[in-house]
Structure formats: structure tokens, C-alpha cells
Ligand code: SF4
């Protein structure tokens with residue numbers, strides 16, 4: 001008998017169930033329990049009357065900066081302003097969905113490709129954002145590479161306020177409704193990377209970005 | 001109202017004055033106090049050393065001794081935790097006498113809780129001038145919720161309370177732990193003593209004799225012969 | 001990791017005398033505890049979520065086999081290969097086998113306590129694979145050739161000066177004094193490893209049955225590199241980590257970072273399910289999930305099953321006054337603090353775990369802090385009961401308990417003996433009323449005096465009072 005069979009048999013023996021593997025009825029019961037998708041208690045602030053204000057508040061706590069623009073057309077100008085204000089080079093690697101905007105007009109070199117190890121700034125959109133924790137949620141797919149949010153020192157993320165949900169549970173419901181099975185990477189980003197591994201002192205910028213800037217529209 | 005006084009083995013052996021202080025407080029509040037002569041120990045040392053059967057035997061003995069009392073009161077959060085929590089949540093789970101232990105647990109009180117919550121005293125015989133700092137013993141605090149009651153009583157006696165840093169942190173006593181792992185226990189106690197010293201209070205007061213002997217032992221060993229180490233019952237009974 | 005837990009007492013003694021370590025521990029002390037307290041206070045429904053979390057963990061543990069198969073079926077459907085390992089050796093053999101079959105030269109690892117349990121790094125290195133720890137704390141310890149001393153903050157016992165020293169040796173650059181600069185230097189040193197590794201190895205805080213998902217929870221982003229960049233991703237985790245649904249994960253993740261360090265959310269949470277699509281820029285081509293038993297089934301179904309709820313947040317050790325004073329290395333195996341005092345004896349054998357079940361005053365701080373309501377002191381007491389029943393404690397201790405138990409059940413004898421004891425001890429205490437040393441109780445009297453008894457027992461005095469009153 002292999003390890004799998006031994007482990008399963010040991011569990012069943014210890015928990016007083018006969019046989020070497022779960023019965024069809026046991027499996028069905030588990031599936032049924034799963035299918036209920038029971039939602040646990042949530043903190044009161046997760047359902048704030050002003051969802052956007054809650055999102056912004058959490059962003060502030062995490063060190064995520066944010067700005068509001070009127071429409072997608074205004075994104076390049078806001079990116080240009082942000083990069084200049086932080087003394088960053090006006091060049092970025094971005095997701096294809098933003099390639100059609102007028103980057104040249106804003107003085108930015110836009111590389112329509114996944115970010116590489118040496119890119120300084122990455123521009124992404126997101127699947128949705130979560131107000132409770134100030135989080136943006138990215139789903140992996142050919143057009144939405146995760147590396148663009150991860151490798152550069154600066155991550156700029158465009159968030160449509162229509163895609164703002166209250167909680168993580170709500171974001172999962174949205175994934176189920178719109179995508180089905182979760183894709184390979186479901187990537188929750190909450191502020192710039194950090195570490196406190198040396199003397200429990202928080203340092204912003206560990207392996208991931210040093211800066212996260214959210215552009216709300 | 002017939003109140004049984006559970007003296008505790010440590011008070012019996014080492015600091016009978018605490019037992020008499022408790023007696024004075026209860027009698028002073030009009031209770032008819034009985035002190036069963038055959039009482040010895042609640043069984044916690046056995047329980048915490050893995051001797052479950054010993055603990056059960058002693059719990060049954062305590063049950064028999066206090067069966068006909070309306071209340072049982074102990075000047076210790078630790079022994080009270082043993083009789084109120086360990087018996088019903090663990091030792092007698094699934095045993096036929098569980099209901100009797102539940103009844104005992106319901107009428108069993110730590111002294112400060114009894115004075116404040118049941119007797120609702122609004123005056124105490126003791127007068128204390130000066131500042132004390134209060135150490136919250138673990139079982140009383142985390143198992144029974146003893147926190148404000150002793151402070152309230154101490155203030156009634158006129159004591160000013162200077163809270164120490166980490167009042168709720170364990171002093172390192174832990175019963176047999178203090179001997180088995182004496183070096184760690186001593187360090188934990190030293191941390192506690194540092195907090196006590198930093199308050200500048202003239203007395204360290206607590207509700208469990210084990211912790212108090214531990215703290216006193218460390219203070220004296222490190223040269224502090226001044227700071228008084230007292231049970232709150234002594235202070236509020238005016239026997240400190 | 002080699003088990004050293006039988007030497008807990010000696011190791012603790014060394015740690016208590018280690019000034020450098022004591023200084024480093026003092027710096028860390030309070031940061032975790034205060035952070036958690038604040039996060040819990042502003043949360044509002046902590047107890048409700050805690051209870052729900054315990055329930056969802058229990059639900060999966062109660063039907064562990066069926067949940068594991070559900071996970072396996074879904075993970076397999078998404079293209080992962082699920083492996084099962086009964087022992088540490090089997091787990092290592094499986095991963096070494098994957099490395100060999102794919103010609104792996106370099107593996108980048110994100111933090112995994114299970115991999116510490118099974119000594120994975122040694123096994124891979126013996127097979128010629130270079131292993132790079134990428135969590136900053138683990139990286140520091142890999143340079144120092146030391147095991148972690150905390151499950152969340154592995155290098156909590158090191159000072160920045162000690163880290164600077166290690167970095168000078170490893171990176172060959174001028175000594176740094178500031179923590180942000182050190183962090184940047186490590187980032188730069190590790191970037192190449194992420195991009196050059198053939199294999200990424202991560203743990204998984206939970207595995208989700210519903211979707212066949214594994215996941216990582218980090219602040220640094222290293223796990224995201226490890227699970228995204230190399231062509232092979234290996235997950236090593238314990239069989240007890242299975243939960244039902246994404247919603248269950250949402251509940252648990254509200255508790256985990258708050259309990260660990262007082263953070264509302266970690267910077268990165270990544271759910272990984274399946275493989276890279278043909279036209280994707282990133283993601284692994286192979287995914288292997290190794291489910292490890294290595295002692296866990298000993299807890300299943302028994303009186304200590306609750307321990308398997310553990311979500312490895314570290315709150316129990318952060319709040320433990322014993323841990324705070326001796327640090328993690330004293331415990332002598334992978335898991336320190338209260339949770340380690342339970343897991344170590346169970347996983348490596350009670351007879352090898354020495355004093356661990358006794359390394360607690362039962363102050364209950366851990367039980368109050370534990371986000372999944374594990375009754376840690378009660379479980380430690382169960383181990384003490386096993387030690388007692390199996391006569392594993394030293395004989396003088398057993399004799400003392402037996403003698404005490406004999407007397408304490410016999411009131412007349414007890415009254416007689418305690419009467420003598422009170423008098424003798426009073427005499428020993430002399431004028432000051434302090435006993436400076438007591439044979440058999442030197443654990444106490446080495447560092448403390450024993451305040452001497454008053455001389456007569458309460459029992460005697462009370463009887464006298466009753467007689468006088470009559
Ligand atoms: S036992 Fe509880 S407190 Fe300790 S690490 Fe596990 S979940 Fe956290």
C-alpha cells in the first residue's frame with residue numbers, strides 16, 4: 001500500500017470510520033457542505049456606508065497612495081504627474097488594455113508587454129478591489145500578467161470604482177460569477193511590499209514594489 | 001447565609017493570617033462561616049503534574065466537605081479556578097457526579113468577587129495609608145475575571161494604586177513549575193520585580209499566596225527588605 | 001531539524017545567560033503583543049470570528065480524509081500532481097525525485113515550516129541542488145547556518161549588527177548600519193536567484209478543497225516570485241491544512257495577520273491553482289503538491305485533535321512569558337512556544353521532548369490569544385498526564401507527588417505533618433523569616449529566598465480560637 005492509502009486509512013481508523021477510503025456518501029456530504037459557501041461573521045466596518053471612503057482609508061494605512069480621475073482618458077496625465085512627483089523615469093511596462101491611451105501626449109514611453117526584472121514601473125488594472133482592507137485583486141491571464149505588479153519598484157494600478165466590493169467574500173462571489181474556477185493566480189495586493197525581519201522594524205520595499213499608486217476612476 | 005471558607009493549603013501552612021483576615025471580612029459582613037477541619041488541598045498540584053486521579057479524589061473530598069454550605073469562598077484565584085473551571089470543564093466531564101460539581105462551582109467564589117459581587121460590601125475594616133501596586137494572578141484574572149474587584153476593595157481601605165507595567169503578566173510561580181524549571185521561573189519573577197520596583201509603591205498586593213511567596217522571595221533575595229508583600233485580604237481586613 | 005528538546009532545561013539556561021540574545025529579545029518584546037491587542041480592539045467582532053474559525057477548521061478536520069480527497073481531485077483536475085508523504089524522509093525523496101527528473105540546479109524557497117520539519121534543504125543540497133531561502137529572515141538564518149527561532153519572525157533573535165556582519169561575509173560589500181539599506185542589499189542579492197531558479201518551493205498556509213488551491217501569505221512578495229517565476233512549483237504542506245471553501249479562507253485570513261503581528265491584511269495573498277496557460281508570460285509549467293503526515297495522524301481523532309486547527313500565527317509564543325525569556329532555540333525543534341510544546345512531543349515522541357510539556361505556568365495567555373481557540377494549556381496538561389502515566393518524569397518528582405498525594409488524602413496525618421513542617425520551616429527561616437536554601441527545592445532557592453511560614457498552621461490556630469470562644 002502506498003502513502004496515500006496508509007494516511008487515509010489511519011485517519012479513518014482514528015476517527016472511527018470503517019474502510020480505507022471515504023464512502024460516496026461521505027464525499028457527497030463534503031461537497032454539499034462546500035456548496036453552501038457559508039460566509040462567516042464580518043467586522044462592521046467591512047460594510048461601510050461609504051465604500052470608497054473605507055477603501056481610501058485602508059489604502060492610507062497601508063501606504064498605498066491614490067488619486068481620482070474623471071475618465072480613462074485622464075490616466076496618462078495622472079501617471080505622468082505621479083512619476084514626476086516621485087522623481088521617477090517617465091517609462092513603464094503596462095497591460096495591453098491601456099495601450100490605446102495617449103501616452104505620448106503625456107510624455108510617457110509605454111511598453112505594451114509584461115514587466116521584466118529591470119523595469120522601474122508597471123501599470124496594471126485589476127479584477128476588482130476590496131474596501132474592507134484596501135486591497136486590489138488581480139487575476140492571472142495572458143492579457144493580465146502578474147509580474148507587472150510584482151517586479152517593478154513602482155506599481156500603478158487602475159481601479160474602476162464600479163468594481164469596488166465590500167469584502168473578500170464578495171470578491172470570490174464575483175470571481176465565481178464572472179470567471180468560474182479561480183484562474184492560476186488570484187493575487188491580492190495590499191500596499192507596497194514590506195518586511196520586519198530585522199529587529200521587527202518595518203521597512204517598506206522588500207522583494208516586491210516600494211510604491212503602490214491607485215488611480216480611481 | 002452559611003459560607004464555607006476554603007483556606008487553601010498554602011495559607012494553612014505558611015500564612016494563617018490571610019485565613020483569619022478572610023474570616024474577619026466574612027464574619028464582619030454577617031456571614032455564618034464554617035471551616036471544615038478536614039480540608040487540605042484543592043488538588044491542583046496533582047492535576048498540573050499529570051496526576052488526574054489524585055486531582056479527582058481531592059475534588060471529591062472538597063465536595064463532601066462543603067456540601068451543605070450556601071457558598072464556598074477561597075482567598076485564592078488559583079484554587080477557585082481549580083474548583084470552578086477544571087472540575088466541570090475537564091475532570092468530571094462524562095462522570096455521574098458532574099452535576100454536583102456544577103452546583104459546587106456555581107456557589108464557589110474567589111474572595112474579592114464574593115465580597116464585591118455577592119455581599120456588595122461598601123465598607124471594609126482596614127485602613128491603609130500609602131501606595132500599593134497590584135499583581136493580577138493568572139488563574140483569577142484569565143479563568144475567573146478577577147480584575148477590578150480587589151482594586152475596588154483596596155481603594156475602599158484608602159490605598160492608592162500605582163499600576164505596574166505588565167500587571168497581568170505571570171510572575172513565574174506556576175506551582176511546581178517554580179521548582180522544576182526554577183531558573184526560568186526566577187527570571188520571570190525578576191521581570192515582575194522590576195515592574196514592581198519601577199512603581200515605587202510601598203507594597204505589592206495580590207490575591208494568591210503562591211505568587212506572593214514567589215515575589216517576596218525574589219525581592220528579599222535581591223536585597224529589598226522594605227517592600228511589603230501582602231494579600232489583599234490582609235490589607236482590607238486591617239491585618240497587614 | 002535534529003531534535004534537541006530533551007535538553008530544554010540546559011538550553012534555556014544558556015539562553016537566559018546570553019546577554020546578546022536577551023537584549024535582542026527585549027527589543028522585540030511588546031511589538032507583537034501590542035500590535036495584536038490594537039488590531040483586535042478595533043476589529044469589533046473578534047470572538048465571533050474566532051468561534052467561526054474554530055468551527056471551519058473543525059469541520060474539515062472531522063472528515064479529514066474526504067476533504068483531502070476533494071482537494072486532491074480538484075487540484076489534479078487543474079493540472080497539479082498531488083503527492084502523499086507519510087514521513088519526513090518520504091517527503092524529501094519525492095521532492096528530490098522531482099528535482100532530478102527535471103534537471104533542477106537551483107531552487108528558490110519561500111518560508112515553509114514543514115520543510116524545516118523534514119530537513120528539505122539538506123536533502124536537496126545532498127542531491128546537488130542549490131537552495132536559496134528568500135524570506136529575508138530565513139535568508140539571514142541560511143547565511144548564519146541557524147534554524148528559525150520563531151515561526152513568523154524567524155530571525156527575531158538576531159540584532160541588526162549581527163545581520164550586517166553576515167551580509168558583509170555573504171555579499172562582499174561594505175558594512176551597512178541601516179536596516180532599509182540592508183533590506184535593499186538583500187533584495188538585490190536575491191533578485192537574480194528568483195529569475196534564475198528552475199524550481200520554486202513554497203509552503204501553503206491552507207489548501208482549499210473546493211478549488212484545489214494552495215496559497216501563500218507574505219509581506220515581502222518573495223513567495224509570489226517563487227510561485228510565479230520558476231518553471232516548476234513545488235508546494236510542501238501538512239495534511240491538516242485543508243479547509244473547505246474560499247469563504248473559509250476569508251474568515252481565517254482576517255485572524256492570521258492580526259494575530260501574528262497586528263496587521264489587518266498582509267501585503268500579498270496569492271491563491272495558486274494549476275498551471276501556466278500556453279500564451280501566458282509567467283507561471284509554472286509543472287506544479288507538485290506534497291501533502292505530509294509526519295506525525296499529524298497521531299493527533300487525528302484523539303483527545304488532542306484540536307491542536308491541528310493551528311494556523312501558525314505565532315501569537316501563542318508572542319504571549320508566552322517562558323518564550324519571551326528563553327527564545328525559540330531553547331525548545332530544540334522546529335516549533336517553539338506553547339504550540340511547539342505540544343507538537344514536538346507528539347511528532348518526535350514524548351520521551352524525546354523532555355520538559356517541554358512542563359515549560360509552562362498555565363498562565364493562559366496563549367489560550368486567550370490563539371485565534372482558533374486551541375486550549376493550549378489543557379493540551380499540555382494532557383501530555384503531562386501521559387508523562388505521569390508512562391512514568392516518564394524523574395523518580396524524585398514522582399516520589400514527591402506520591403507522598404504528597406498520600407498525605408493530602410488523610411486529614412489527620414496531613415494536619416500532623418503540616419504542623420511539624422510549619423514549625424521546622426519557621427525555625428529554618430531564623431530571625432529574618434527567610435530560608436536561603438532548601439534541599440530538594442534548589443530550583444526555587446537558587447534565585448529566591450523561601451519566605452518562612454508563621455510557625456503554626458491555620459488549622460491549629462483556628463481550633464484554638466474555637467476552643468477559646470466556647
Ligand atoms: S496554536 Fe494558536 S496561537 Fe499558536 S500558532 Fe497555532 S493558531 Fe497561532
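The values are calculated or read from the model by the stated rules, or taken from the named source; none is laboratory data. Since this is a predicted model, take the numbers as computed values, not measurements. For neighbour counting, all protein chains shown are included, and Cβ atoms are generated from backbone atoms with ideal geometry for every residue, glycine included.
Restricting to region A:104-141, what's the tally of residues that are part of a loop (DSSP other than H, G, I, E, B) and more than 16 Å from the chain's Cα centre (by Cα)? Don't jump to the end; show me each part of the working.
Our first condition is that a residue be part of a loop (DSSP other than H, G, I, E, B); within region A:104-141, this holds for A:107-108, A:113-120, A:125-127, A:131-134, A:140-141.
If we keep only those that are more than 16 Å from the chain's Cα centre (by Cα) too, we end up with A:107-108, A:113-120.
Total satisfying the criteria: 10.
Sort out which residues of region A:185-202 are buried (at least 23 other Cβ atoms within 10 Å of the Cβ), over 17 Å from residue A:126 (Cβ atoms) and in contact with a helix residue (DSSP H, G or I) (Cβ under 6 Å, 6 or more places away or on another chain), and write them in order of number.
A:195, A:197, A:198
Would you be able to tell me the number of residues in region B:44-97 that are within 8 Å of chain C (Cβ to nearest Cβ) and assigned to a loop (DSSP other than H, G, I, E, B)?
Counting residues in region B:44-97 that are within 8 Å of chain C (Cβ to nearest Cβ) and assigned to a loop (DSSP other than H, G, I, E, B) gives 3.
If you check every pair at least six apart or on different chains, which have Cβ atoms under 8 Å apart with a residue in region C:13-26 that is not assigned by TED's automatic domain parsing to the domain that holds residue C:318 first and a residue that is surrounded by fewer than 16 Cβ atoms within 10 Å (Cβ to Cβ) second?
none
Look at residue C:323 and say whether it is away from the ligand (no atom under 12 Å from the Cβ) and crowded, with 24+ Cβ neighbours inside 10 Å.
Taking the combined requirement at face value, the residue does not satisfy it.
Listed here are the residues, each with its yes/no results for (1) buried (at least 21 other Cβ atoms within 10 Å of the Cβ); (2) touching a helix residue (DSSP H, G or I) at 6+ places or on another chain (Cβ under 7 Å); (3) not in a strand (DSSP E or B).
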{"residue": "C:422", "(1), (2), (3)": "yes, yes, yes"}
{"residue": "C:431", "(1), (2), (3)": "no, no, yes"}
{"residue": "C:439", "(1), (2), (3)": "no, no, yes"}
{"residue": "C:443", "(1), (2), (3)": "yes, yes, yes"}
{"residue": "C:448", "(1), (2), (3)": "yes, yes, yes"}
{"residue": "C:456", "(1), (2), (3)": "no, yes, yes"}
{"residue": "C:459", "(1), (2), (3)": "yes, yes, yes"}
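Of the residues A:69, A:30, which single one is touching a strand residue (DSSP E or B) at 6+ places or on another chain (Cβ under 7 Å) and at pLDDT 95 or above?
Going through A:69, A:30 in turn, the sole match is A:69.
Within region C:411-426, how many residues turn out to be in contact (Cβ under 8 Å) with a residue 12 or more places away in the chain and more than 10 Å from every other protein chain (Cβ to nearest Cβ)?
Residues flagged as in contact (Cβ under 8 Å) with a residue 12 or more places away in the chain and more than 10 Å from every other protein chain (Cβ to nearest Cβ) within region C:411-426 amount to 1.
Kindly indicate which of B:209, B:213 is modelled with pLDDT of 95 or more, crowded, with 20+ Cβ neighbours inside 10 Å, out of contact with any helix residue (DSSP H, G or I) (no Cβ under 6 Å at 6 or more places or on another chain) and within 12 Å of chain C (Cβ to nearest Cβ).
Step by step, each of B:209, B:213 is checked, and only B:213 is modelled with pLDDT of 95 or more, crowded, with 20+ Cβ neighbours inside 10 Å, out of contact with any helix residue (DSSP H, G or I) (no Cβ under 6 Å at 6 or more places or on another chain) and within 12 Å of chain C (Cβ to nearest Cβ).
Got a number for residues in region C:24-46 being assigned to a helix (DSSP H, G or I) and modelled with pLDDT under 90?
Step one: of region C:24-46, the residues assigned to a helix (DSSP H, G or I) are C:24-28, C:31-43, C:46.
Pick out the ones that are also modelled with pLDDT under 90 and you get C:24-28, C:31.
Adding up the residues that qualify gives 6.
Residue under question is residue C:47, and the condition is that it be without any contact (Cβ under 8 Å) to a residue 60 or more places away in the chain, within 28 Å of residue C:119 (Cβ to Cβ) and more than 7 Å from chain A (Cβ to nearest Cβ); does it hold? Steps first, answer last, please.
Details: without any contact (Cβ under 8 Å) to a residue 60 or more places away in the chain: yes; within 28 Å of residue C:119 (Cβ to Cβ): no; more than 7 Å from chain A (Cβ to nearest Cβ): yes.
Here the answer is no, as residue C:47 does not meet what is asked.
Quick grid of which residues meet (1) buried (at least 17 other Cβ atoms within 10 Å of the Cβ); (2) touching a strand residue (DSSP E or B) at 6+ places or on another chain (Cβ under 8 Å); (3) within 30 Å of residue C:323 (Cβ to Cβ):
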site: C:379; (1), (2), (3): yes, no, yes
site: C:387; (1), (2), (3): yes, no, yes
site: C:390; (1), (2), (3): no, no, yes
site: C:412; (1), (2), (3): no, no, no
site: C:416; (1), (2), (3): no, no, no
site: C:426; (1), (2), (3): yes, no, no
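At the interface with chain A (Cβ under 9 Å from one of its Cβ atoms) and touching a helix residue (DSSP H, G or I) at 6+ places or on another chain (Cβ under 9 Å), is that true of residue C:279?
No: the conditions fail for residue C:279.
Being surrounded by 23 or more Cβ atoms within 10 Å (Cβ to Cβ) and away from the ligand (no atom under 16 Å from the Cβ) narrows it down to one residue among C:264, C:273; which is it?
Values: C:264 fails: surrounded by 23 or more Cβ atoms within 10 Å (Cβ to Cβ).
Unique residue meeting the criteria: C:273.
Based on this model, can you work out whether residue C:344 counts as within 14 Å of the ligand (Cβ to nearest atom) and either assigned to a helix (DSSP H, G or I) or without any contact (Cβ under 8 Å) to a residue 60 or more places away in the chain (or both)?
yes
Select, from A:182, A:142, the only residue that is under 19 Å from residue C:277 (Cβ atoms), touching a helix residue (DSSP H, G or I) at 6+ places or on another chain (Cβ under 8 Å) and surrounded by fewer than 24 Cβ atoms within 10 Å (Cβ to Cβ). Break it down stepwise before answering.
Details: A:142 fails: touching a helix residue (DSSP H, G or I) at 6+ places or on another chain (Cβ under 8 Å).
Going through A:182, A:142 in turn, just one is under 19 Å from residue C:277 (Cβ atoms), touching a helix residue (DSSP H, G or I) at 6+ places or on another chain (Cβ under 8 Å) and surrounded by fewer than 24 Cβ atoms within 10 Å (Cβ to Cβ): A:182.
Report yes if some residue within region B:98-107 is outside any helix (DSSP H, G or I) and modelled with pLDDT of 95 or more; otherwise report no.
no
Output the residue which, of all residues in region C:358-410 that are touching a helix residue (DSSP H, G or I) at 6+ places or on another chain (Cβ under 6 Å) and at positive phi, is nearest to the other protein chains (Cβ to nearest Cβ).
C:364
In this structure, is residue C:93 surrounded by fewer than 21 Cβ atoms within 10 Å (Cβ to Cβ), more than 9 Å from every other protein chain (Cβ to nearest Cβ), in a helix (DSSP H, G or I) and more than 23 Å from the chain's Cα centre (by Cα)? Don't jump to the end; show me each part of the working.
On the way: surrounded by fewer than 21 Cβ atoms within 10 Å (Cβ to Cβ): yes; more than 9 Å from every other protein chain (Cβ to nearest Cβ): yes; in a helix (DSSP H, G or I): yes; more than 23 Å from the chain's Cα centre (by Cα): yes.
Yes.
Consider residue C:434 carefully, then state whether it is touching a strand residue (DSSP E or B) at 6+ places or on another chain (Cβ under 9 Å), more than 30 Å from residue C:257 (Cβ to Cβ), modelled with pLDDT under 95 and within 7 Å of chain B (Cβ to nearest Cβ).
Details: touching a strand residue (DSSP E or B) at 6+ places or on another chain (Cβ under 9 Å): yes; more than 30 Å from residue C:257 (Cβ to Cβ): yes; modelled with pLDDT under 95: no; within 7 Å of chain B (Cβ to nearest Cβ): yes.
Against the criterion (touching a strand residue (DSSP E or B) at 6+ places or on another chain (Cβ under 9 Å), more than 30 Å from residue C:257 (Cβ to Cβ), modelled with pLDDT under 95 and within 7 Å of chain B (Cβ to nearest Cβ)), residue C:434 does not qualify.
How many residues, within region B:188-206, are closer than 27 Å to residue B:20 by Cα, crowded, with 18+ Cβ neighbours inside 10 Å and more than 12 Å from the chain's Cα centre (by Cα)?
4
Yes/no per residue for (1) within 13 Å of the ligand (Cβ to nearest atom); (2) crowded, with 21+ Cβ neighbours inside 10 Å:
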{"position": "C:289", "(1), (2)": "no, yes"}
{"position": "C:303", "(1), (2)": "no, no"}
{"position": "C:315", "(1), (2)": "yes, yes"}
{"position": "C:353", "(1), (2)": "no, yes"}
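If residue C:221 satisfies every condition in (1) surrounded by 24 or more Cβ atoms within 10 Å (Cβ to Cβ); (2) at negative phi; (3) modelled with pLDDT under 95 but one, which is the exception?
Of the numbered conditions (1) surrounded by 24 or more Cβ atoms within 10 Å (Cβ to Cβ); (2) at negative phi; (3) modelled with pLDDT under 95, the odd one out for residue C:221 is (2).
Would you be able to say whether some residue in region A:148-169 is crowded, with 22+ Cβ neighbours inside 10 Å, facing another protein chain (nearest Cβ under 7 Å) and without any contact (Cβ under 8 Å) to a residue 12 or more places away in the chain?
Among the residues of region A:148-169, not one is crowded, with 22+ Cβ neighbours inside 10 Å, facing another protein chain (nearest Cβ under 7 Å) and without any contact (Cβ under 8 Å) to a residue 12 or more places away in the chain, which makes the answer no.
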